[in-house]
Amino acid sequence: MRSSLGILLLALTGLLVYKLDQPMGSLPALGRLVDPINGCWTSAEDADKNFTETISIPSLSHNAQVWFDARMVPHIHAASDHDIYYLEGYIHAYFRLWQMDMETRAAAGKVSEVIGIKGFEFDRKQRRKGMIYAAEQSLKAMEADPRTKVMMDAYTEGINAYISQLKFRDFPLEYKLMGFKPEPWTNIKSALLLKYMADDLTGATDDIPLSYLREVLSPEIFQLLYPESITGSKTIIPHGTIFEKPSLGKPTAPANTIFPHFTKKDFKETREDGIGSNNWAISGSRTKSGATILCDDPHLGLNLPSLWYEIQMQSPGMNVYGVSLPGAPGVIIGFNDSLAWGFTNNYRDVKDFYLVKKVEGNNKKYWFDGQQRDFTQRLEHIIIKGEKEFVDTVNYTLHGPVMYDERYAAEGGLGKPLAMCWMAHRSTNELLAVYQMNRAKDYNSFVDGILNFQCPAQNMIYADKAGNIAAWGQGQFVNKWKDQGKYIMDGSDKAALWGDLIPMRENPHVLNPPRGYVFSANECITDSTYPYWYNQSFVEFRAWRIDQVLDTLPKATIQDMFALQNDNYSVLAANMLPLMLRLLPDSLGDREKGYANQLRNWNYRLSAGKTEGSIFQVWWFYLYNKTWSDLSSVPSLLYPTPERTMQLLQQADSGKVKLKELENLPQLMSVSLRQAADSLEKARKKGLEWYKVKNTTVSHLSRLPAFGFSDLKIGGWGNTVNAAKGNHGPSWRMVVQLGKEIEAYGVYPGGQSGNPGSKYYANFLNQWVAGRYNKLLFLPFSDKQNTTEIKYTWTINK
Amino acid sequence: MRFILFIILVILLTSIGEQFLPWWMIAVVPFGISLFMNMKGGTSFLAGFIGIASFWFVAVLMKDIPNDHILSGRMAVLFHLSDYGLLIFVVALLGGIVGGLSAWSGALLRK
C-alpha cells in the first residue's frame, strides 16, 4: 500500500519535473529557466562587476590589450590585422551574442527554426528575395581579397573562441527563454548581416505601386502628383556643382511597350514609409574653433540590444573609433586620427522588377530575347520548430530570382511572375571599403576606400583635420535610360536589361563647396545638371531645416550641433499651419475652435511635453488622408508624399493648380479638423502631450515588452531633424570636431551590453531621450595607456 | 536532529550536484537521501521542501542583491508579477514543491 502510494507519488513528481523541463506553448521550460545555478539568474550581472582579467588566447600572433572605459566601450590594441579582428569578434560575442545570432537568422530567413510557425511568412519572404544567394555572392568577393579574407576569418575565429567555451549556464538569457543554443559562427553569417543592412536600406522600391498608378492615373495627373524630383529640393550635391563629363553615353529609351500593362484588378494596395537620416560637415571657415565638424545620425529601427556597438580599434596603420555592427568586422561609422565620416541612406533605385514570360506548358523555361531559357532552381529549406520542414522552389532568371509568382503574390496582391534585379545580389565587397575607410589618412585614400562601397548606396559625408569637407552619393549604379526600372519591365525584352555600370568615380560628389558646409538627409541627390538618369522617392523636410540652420550659423560650435541633431522644428508645420488656419471657415464648433486657437501662437516645435505638436500632427494626418481619399481609387498607402501634398495645397490655394481633390480647401480643413478633434478627445485619457500621443518605443528584438521601453519623453517626428518616430529614429548621434585634438561626442538609445540583466543594457537611453551626449574617449595609438578613464583591462596573452 | 541533518544534506548535495548536472538535481537529491534516511513521509516532504526552497532562495538572493534587482525586476514584468520579491518567492516555492514531493516519494518507497 505504502509503496504503491510511493510509486504513484514518484510518477507524479517525475511528471512535474518532466513538464518543468519542457517548453509549454510559447512559455520556456520553467524549471530550467528559474534555476538559480544554471538558469536565468546567471544573467544577473553584479552591478559592481570587475571586468578586469587576464585571458589566454593562443591563436593570437602577439599579446594584446583591451581597455574598457566607464561606459564599457572597449579600446583594443593589437599587433596585427588578424589579432584586431579576432578580438573584435570575441568582444562582440561576449556582449552581444544572441543579437548577432538573431539578426543573421533574420537576414537568412531562418527565424522559424527557433520561434516556430509565427516566423514563417517572414522567412519565406527573405528566401524569395534571395538573401542567402546575395550573401553567397558577396562572400565570394570578400574571400577573394586577402585583406577582407583575413578580416572575416579572424573575426569568425574570435566569435567561435568565445562560443566554444560556453555551457548552458553561460548562454545569454534569451537563449534560455527561447530554448535554443548558439551555433558556431561562419563567414557567411557576417555576409548575411551586411545584406540585412542592404535590404533594410535599399529593399523598398516603388516599382510595383507605380506600375499600378500608371494604370489608374492620366499621365498629367501622374506627373503632377509623383514628380521625379521636388521643386526647391536642397540637393545633397549643391546646385552649381560642375559634374565631370560622363564617360558613358545616354542610353536610348526603348518603346513604351517595354512596360507591361496590368489591370486594376491585379492589385490591392501597399506602401511603406521610408527611412531617414541626417549628416553634415562644416568647414573650419564656419566654425568657432576653426576646425571642421562632422555630424551624423542614421535613423534606423530602434531596438535593444542596439544595432550599434561602440568600439575603438588600434592595430598597425589604424586607430579608429566609432560604431560597429555586432556580426560584422570593422567600424562602420566613426572617425580615425585623421578624418571622420558619416552615412545616410541614398535612395537611388537599385532594385527593379521584370515580368517573366514563362514558356507555356513548361515550368522550367522562360522567354528571353525570342529564345527559351532554363530557370536555375534553388530549393529553400525552411525549418520550422514544431512543424514539418517547408521547401520552396525559387526560380532564378538572368535578371535575378522570381520573387513573386502565382504561389507567392507581390504587394497589392499581384500574382504574376516577377523577377527581381537587385544590386545587393551582385558580388560586392563593402567590407573592403570599411577596411580602407578605417585606415584612410586623407581625402584621396578615403575616396579610394569608398569606391568599393557598392550596395547599399550611401550618402557619405566626410571631414578631415586638414580642413576638407566632402559629400559623396556613393554606391554602384547602372547607366539607365529614362524611366528604366521605374515601373515593372518586360523581362523577355533584351532592351530592358540593366546596362553598363557607371564608373564609381563619376558618382555625384563635391569637395569643399564655397558655402562651407555639406549635408544630406535623404533628399534628392543632384539637380538636373547631373548627366545620368536616376529615380526614387526622396524626402525633403529635414534637408530644408538643416540647410536653414547651417546657413545662419557663421561660427558653429559643438553645442550648436547638439541642438541641431535634437531639433524638433517642423518645416511642414511652419509652411502648412498658417494656410490651414487661414482657410478654416468661421462656422466651426467650439471644440474645433479651441484646438485651432491653441495653435495660433505655436513655435512649430514638436516638443515632447507640449500639446501643440499633437494637435497639429493629428490634424495634418486627417488632412493628408482626406485630401487623397477620393483620388481615383488610389490605395491609401500610395498617396503622394507629404512634401508634394504640401506644395499642391499651397498651389491650389494660390490658384496655380487645379485639381478636383483640392477644389474646396475650407471644407477640407474643417472636416479634417473635426476628425482630428474626435481623435484627440479619445487620446485625452492617456494625455495629449506629444510624446504620449506618438509613443516612441525602443523594444527588445524578441518584442518582449518586459525588456523594452515605451512612451519615451522625446520630441520630434519624421518631418523634423530629430526624427524620433514610433519605433524608428536616430540610432546613433555623433558629433566630431577635427581640431589638433579630436573632440568627439556620441550617444545611442541602448547600452554596450546585450544582457537585459546588466546595468549596461540600456544605460544610454535616458541621455539619448534628453538629447545629452557622452564624450568619447579616443586613446592615442599605444600599447600602454595612462589615463584614469580606463576602468577595466583585459590583458590578453597569446 | 535527523530533520536538520536531512536539510543540510539536501542543500549540500544539491548545490554540488547542480554544478555538474541540470536543475532537476533538486528532485534527484532529496529523493535519494530520503531513500536512505528513516523519516516519515510528511516529515520528509517538509525537510525536502525547506531544503530546496531555502537553497534556491538564498542562491537567487546571492545573484539578485549584487545585481540591484535589475534582472529580477524585468523577469517579474515578463511573468506579469507585481514585483521582484514575489518572483523570488514563487521561484523558491516552486523549487520547494519539487524538492518536497521528491523527498516524500523517496520516503514512501523506502523498504
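The values are calculated or read from the model by the stated rules, or taken from the named source; none is laboratory data. Just so you know, these numbers come straight off a predicted model, no measurement behind them. For neighbour counting, all protein chains shown are included, and Cβ atoms are generated from backbone atoms with ideal geometry for every residue, glycine included.
Taking region A:15-52 only, how many residues are within 8 Å of chain B (Cβ to nearest Cβ) and not in a loop (DSSP other than H, G, I, E, B)?
Number satisfying all stated conditions: 11.
So which of B:102, B:54 ends up being buried (at least 17 other Cβ atoms within 10 Å of the Cβ), within 8 Å of chain A (Cβ to nearest Cβ) and under 14 Å from the mean Cα position of the chain (by Cα)?
On the way: B:54 fails: within 8 Å of chain A (Cβ to nearest Cβ).
Unique residue meeting the criteria: B:102.
For every residue, the table says whether it meets (1) under 29 Å from the mean Cα position of the chain (by Cα); (2) farther than 22 Å from residue A:690 by Cα; (3) free of Cβ contacts under 8 Å to residues at least 40 places away in the same chain.
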residue: A:591; (1), (2), (3): no, no, no
residue: A:603; (1), (2), (3): no, no, yes
residue: A:611; (1), (2), (3): no, no, no
residue: A:640; (1), (2), (3): yes, yes, no
residue: A:654; (1), (2), (3): no, yes, yes
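Considering A:768, A:732, which residue is free of Cβ contacts under 8 Å to residues at least 60 places away in the same chain, more than 14 Å from chain B (Cβ to nearest Cβ) and among the aromatic types (Phe, Trp, Tyr)? Can you show your working first?
Working: A:732 fails: free of Cβ contacts under 8 Å to residues at least 60 places away in the same chain.
Within the list A:768, A:732, the selection yields A:768.
Among the residues of region A:60-72, write down those that are under 35 Å from the mean Cα position of the chain (by Cα) and outside any strand (DSSP E or B). Steps first, answer last, please.
Step one: of region A:60-72, the residues under 35 Å from the mean Cα position of the chain (by Cα) are A:60, A:64-72.
Listed by number, the residues that qualify are A:60, A:70, A:71, A:72.
Take the conditions hydrophobic (A, V, I, L, M, F, W, C), part of a helix (DSSP H, G or I), within 14 Å of chain B (Cβ to nearest Cβ) and crowded, with 20+ Cβ neighbours inside 10 Å and apply them to residue A:98. Does it pass?
Working: hydrophobic (A, V, I, L, M, F, W, C): yes; part of a helix (DSSP H, G or I): yes; within 14 Å of chain B (Cβ to nearest Cβ): no; crowded, with 20+ Cβ neighbours inside 10 Å: yes.
No: the conditions fail for residue A:98.
Which count do you get for residues in region A:499-518 that are more than 26 Å from the chain's Cα centre (by Cα) and crowded, with 18+ Cβ neighbours inside 10 Å?
Qualifying residue count for the region: 1.
If you go through region A:432-445 one residue at a time, do you hit one that is among the charged types (D, E, K, R) and touching a Gly at 6+ places or on another chain (Cβ under 7 Å)? Before the answer, list the steps.
Of region A:432-445, the ones among the charged types (D, E, K, R) are A:439, A:441-442.
Right, trim to touching a Gly at 6+ places or on another chain (Cβ under 7 Å) and you get A:439.
Yes, the conditions are met somewhere in region A:432-445.
Which residue is farthest from residue A:22 (Cα to Cα), if the candidates are limited to region A:164-213 and must be of a type in the set (Val, Ile, Thr) and outside any helix (DSSP H, G or I)? Please lay out each step first, then the result.
Narrowing region A:164-213 to residues of a type in the set (Val, Ile, Thr): A:186, A:188, A:202, A:205, A:208.
Next cut, outside any helix (DSSP H, G or I) only: A:186, A:205.
Values: A:186: 30, A:205: 44 Å.
Looking at the filtered set, the residue picked out is A:205.
Restricting attention to region B:77-89, report how many residues are more than 8 Å from chain A (Cβ to nearest Cβ) and either of a type in the set (S, T, N, Q) or surrounded by fewer than 23 Cβ atoms within 10 Å (Cβ to Cβ) (or both).
Number satisfying all stated conditions: 9.
Give just the number: which of (1) of a type in the set (S, T, N, Q); (2) within 26 Å of the chain's Cα centre (by Cα); (3) assigned to a helix (DSSP H, G or I) does residue A:428 not satisfy?
Going through (1) of a type in the set (S, T, N, Q); (2) within 26 Å of the chain's Cα centre (by Cα); (3) assigned to a helix (DSSP H, G or I) one by one, residue A:428 breaks only (3).
Give the residue that is farthest from residue A:45 (Cα to Cα), with candidates limited to residues of region B:57-68 that are surrounded by 20 or more Cβ atoms within 10 Å (Cβ to Cβ) and of a type outside the set (Asp, Glu).
First, pick out the residues of region B:57-68 that are surrounded by 20 or more Cβ atoms within 10 Å (Cβ to Cβ): B:59-60, B:63-64, B:67.
Next cut, of a type outside the set (Asp, Glu) only: B:59-60, B:63, B:67.
On the way: B:59: 14, B:60: 12, B:63: 8, B:67: 6 Å.
Selected residue: B:59.
Can we say residue A:12 is surrounded by fewer than 16 Cβ atoms within 10 Å (Cβ to Cβ), outside any loop (DSSP other than H, G, I, E, B) and either within 14 Å of chain B (Cβ to nearest Cβ) or under 35 Å from the mean Cα position of the chain (by Cα) (or both)?
On the way: surrounded by fewer than 16 Cβ atoms within 10 Å (Cβ to Cβ): yes; outside any loop (DSSP other than H, G, I, E, B): yes; either within 14 Å of chain B (Cβ to nearest Cβ) or under 35 Å from the mean Cα position of the chain (by Cα) (or both): yes.
For residue A:12, the condition - surrounded by fewer than 16 Cβ atoms within 10 Å (Cβ to Cβ), outside any loop (DSSP other than H, G, I, E, B) and either within 14 Å of chain B (Cβ to nearest Cβ) or under 35 Å from the mean Cα position of the chain (by Cα) (or both) - is met.
Yes/no per residue for (1) assigned to a strand (DSSP E or B); (2) at pLDDT 95 or above:
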position	(1), (2)
A:281	yes, no
A:294	yes, yes
A:310	yes, yes
A:313	yes, yes
A:321	yes, yes
A:326	no, yes
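Quick check: is even one residue across region A:744-763 among the charged types (D, E, K, R) and either without any contact (Cβ under 8 Å) to a residue 60 or more places away in the chain or more than 14 Å from every other protein chain (Cβ to nearest Cβ) (or both)? Write out each step before concluding.
Taking region A:744-763 as the starting set, the residues that turn out to be among the charged types (D, E, K, R) are A:759.
Narrowing further to those that are either without any contact (Cβ under 8 Å) to a residue 60 or more places away in the chain or more than 14 Å from every other protein chain (Cβ to nearest Cβ) (or both): none.
No, every residue in region A:744-763 fails to be among the charged types (D, E, K, R) and either without any contact (Cβ under 8 Å) to a residue 60 or more places away in the chain or more than 14 Å from every other protein chain (Cβ to nearest Cβ) (or both).
Test each condition in (1) within 27 Å of the chain's Cα centre (by Cα); (2) surrounded by 21 or more Cβ atoms within 10 Å (Cβ to Cβ) for residue A:412 and report the one that comes out false.
Against the list (1) within 27 Å of the chain's Cα centre (by Cα); (2) surrounded by 21 or more Cβ atoms within 10 Å (Cβ to Cβ), residue A:412 comes up short only on (2).
So which pairs qualify, if the first residue must be in region B:59-74 and within 7 Å of chain A (Cβ to nearest Cβ) and without any contact (Cβ under 8 Å) to a residue 12 or more places away in the chain, the second must be in a helix (DSSP H, G or I) and surrounded by fewer than 18 Cβ atoms within 10 Å (Cβ to Cβ), the Cβ gap must be under 9 Å, and the two must be at least 6 apart or on different chains?
Cβ pairs passing all conditions: B:74/A:706.
Can you find a residue that is of a type in the set (D, E, K, R), surrounded by 19 or more Cβ atoms within 10 Å (Cβ to Cβ) and within 14 Å of chain B (Cβ to nearest Cβ) anywhere in region A:60-73?
At the first step, the residues of region A:60-73 found to be of a type in the set (D, E, K, R) are A:69, A:71.
Checking the rest, the ones that are also surrounded by 19 or more Cβ atoms within 10 Å (Cβ to Cβ) come to A:69.
The next check asks that each one be within 14 Å of chain B (Cβ to nearest Cβ); those that pass are none.
So far as region A:60-73 goes, no, none of its residues is of a type in the set (D, E, K, R), surrounded by 19 or more Cβ atoms within 10 Å (Cβ to Cβ) and within 14 Å of chain B (Cβ to nearest Cβ).
Need the failing condition index for residue A:111 against (1) under 23 Å from the mean Cα position of the chain (by Cα); (2) crowded, with 24+ Cβ neighbours inside 10 Å; (3) of a type outside the set (Gly, Ala, Ser), just the number.
(2)
What about residue A:75, is it more than 30 Å from residue B:24 (Cα to Cα), modelled with pLDDT of 95 or more, not β-branched (Val, Ile, Thr) and not in a loop (DSSP other than H, G, I, E, B)?
Details: more than 30 Å from residue B:24 (Cα to Cα): yes; modelled with pLDDT of 95 or more: yes; not β-branched (Val, Ile, Thr): yes; not in a loop (DSSP other than H, G, I, E, B): yes.
Here the answer is yes, as residue A:75 does meet what is asked.
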